[in-house]
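Inspection log for the structure reproduced underneath, given as structure tokens.
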Amino acid sequence: MAMPKLSDLTAPLRCAVMALLMTAAPAHPQVSRDPATGARDYLDAHNLARAEAGVAPLVWSERLAGDAETWAAHLAAHDLYDHASLEQRKGQGENLWRGPKESWSAWDKIGFFVEEKHLFRPGQFPEVSRTGRWSDVAHYTQVIWPETREVGCAVVTTSADEVLVCRYWPAGNIWGYPIDPAAQLARR
């Protein structure tokens, strides 16, 4: 997914995006050996989407990143692409991505989740998709879920692929809860 057009952003957000772009990793980095750099990119990509939606930013959680790494390692070792069970997630939300090794930046990977925004419509979960299928927007709604406060992501590589798992606390996508970022932005 391409980054949003700078001209579509407000002046303060344009400045923030430019600052992030100047410090972001190259478009096709290898898996970061510096956990702080990787964490920053994943966190910043989430928080840009949350800022656009008018919800509070997330903070990085090493605990969630550790849980994400454990599940990503399991998926990579067994050549799987499945969500962990609710018991395995311990109440955490989860987003998954898998793609060719060393082809996508952290921003690109999170961009795949955020790309679902064009199908999102405010409402009471699960009635939040223009298609009528909540699963078409579930990655995006987890990213912008207003009550979520923490995120942790991990990437594990196979010989050909990268497996990304992001974990969220508290989990989003809860049946019966409203998700209307515009209304939350208006209350600020």
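The values are calculated or read from the model by the stated rules, or taken from the named source; none is laboratory data. On a predicted model such as this, the values are computed, not experimentally measured, just so you know. Note that we place each Cβ from the backbone using ideal geometry, even for glycine, and neighbour counts take in every protein chain shown. Surface areas here come from the heavy atoms of the whole protein model, side chains and all, with no ligands, DNA or RNA. Shrake-Rupley method; radii C 1.70, N 1.55, O 1.52, S 1.80 Å.
From the list Ala183, Ala76, pick out the single residue that is over 18 Å from the mean Cα position of the chain (by Cα), at pLDDT below 95 and open to solvent by less than 40 Å² (accessible area, probe 1.4 Å).
Values: Ala76 fails: at pLDDT below 95.
Going through Ala183, Ala76 in turn, just one is over 18 Å from the mean Cα position of the chain (by Cα), at pLDDT below 95 and open to solvent by less than 40 Å² (accessible area, probe 1.4 Å): Ala183.
Kindly indicate whether any position in the range 132-143 is within 20 Å of Val59 (Cα to Cα), out of contact with any Pro (no Cβ under 6 Å at 6 or more places or on another chain), surrounded by 13 or more Cβ atoms within 10 Å (Cβ to Cβ) and among the charged types (D, E, K, R). Please lay out each step first, then the result.
Taking the range 132-143 first, the residues within 20 Å of Val59 (Cα to Cα) are 139-143.
From what is left, the residues that are out of contact with any Pro (no Cβ under 6 Å at 6 or more places or on another chain) are 139-143.
The next check asks that each one be surrounded by 13 or more Cβ atoms within 10 Å (Cβ to Cβ); those that pass are 139-143.
Subsequent filtering for residues that are among the charged types (D, E, K, R) retains none.
Looking for residues that are within 20 Å of Val59 (Cα to Cα), out of contact with any Pro (no Cβ under 6 Å at 6 or more places or on another chain), surrounded by 13 or more Cβ atoms within 10 Å (Cβ to Cβ) and among the charged types (D, E, K, R), one finds none in the range 132-143, hence no.
Looking at the range 89-110, is at least one residue touching a helix residue (DSSP H, G or I) at 6+ places or on another chain (Cβ under 6 Å) and among the β-branched types (Val, Ile, Thr)? Working first, answer last.
Our first condition is that a residue be touching a helix residue (DSSP H, G or I) at 6+ places or on another chain (Cβ under 6 Å); within the range 89-110, this holds for 93, 95, 97, 106-107, 110.
With among the β-branched types (Val, Ile, Thr) added as a condition, the list becomes 110.
Checked against the condition, which is being touching a helix residue (DSSP H, G or I) at 6+ places or on another chain (Cβ under 6 Å) and among the β-branched types (Val, Ile, Thr), the range 89-110 yields at least one hit.
Could you tell me how many of the residues in the range 60-80 are aromatic (Phe, Trp, Tyr) and without any contact (Cβ under 8 Å) to a residue 40 or more places away in the chain?
Our first condition is that a residue be aromatic (Phe, Trp, Tyr); within the range 60-80, this holds for 60, 71.
The next check asks that each one be without any contact (Cβ under 8 Å) to a residue 40 or more places away in the chain; those that pass are none.
Total satisfying the criteria: 0.
Condition check ((1) over 20 Å from Tyr168 (Cβ atoms); (2) open to solvent by 80 Å² or more (accessible area, probe 1.4 Å); (3) at pLDDT 95 or above) across all residues:
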{"site": "Ser7", "(1), (2), (3)": "yes, yes, no"}
{"site": "Pro12", "(1), (2), (3)": "yes, yes, no"}
{"site": "Ala27", "(1), (2), (3)": "yes, no, no"}
{"site": "Asp44", "(1), (2), (3)": "no, no, yes"}
{"site": "Asn95", "(1), (2), (3)": "no, no, yes"}
{"site": "Lys101", "(1), (2), (3)": "yes, no, no"}
(request) Could you look through the range 149-179, keep only residues that are in contact with a Lys or Arg (Cβ under 9 Å, 6 or more places away or on another chain) and assigned to a loop (DSSP other than H, G, I, E, B), and pick out the one that is surrounded by the fewest Cβ atoms within 10 Å (Cβ to Cβ)? (result) Ser159
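So which residues in the range 53-73 are in a helix (DSSP H, G or I) and open to solvent by 60 Å² or more (accessible area, probe 1.4 Å), if there are any at all? Steps first, answer last, please.
The initial filter retains those residues of the range 53-73 that are in a helix (DSSP H, G or I), namely 53, 62-73.
Of everything in the range 53-73, those that are in a helix (DSSP H, G or I) and open to solvent by 60 Å² or more (accessible area, probe 1.4 Å) turn out to be Glu62, Arg63, Glu69, Thr70.
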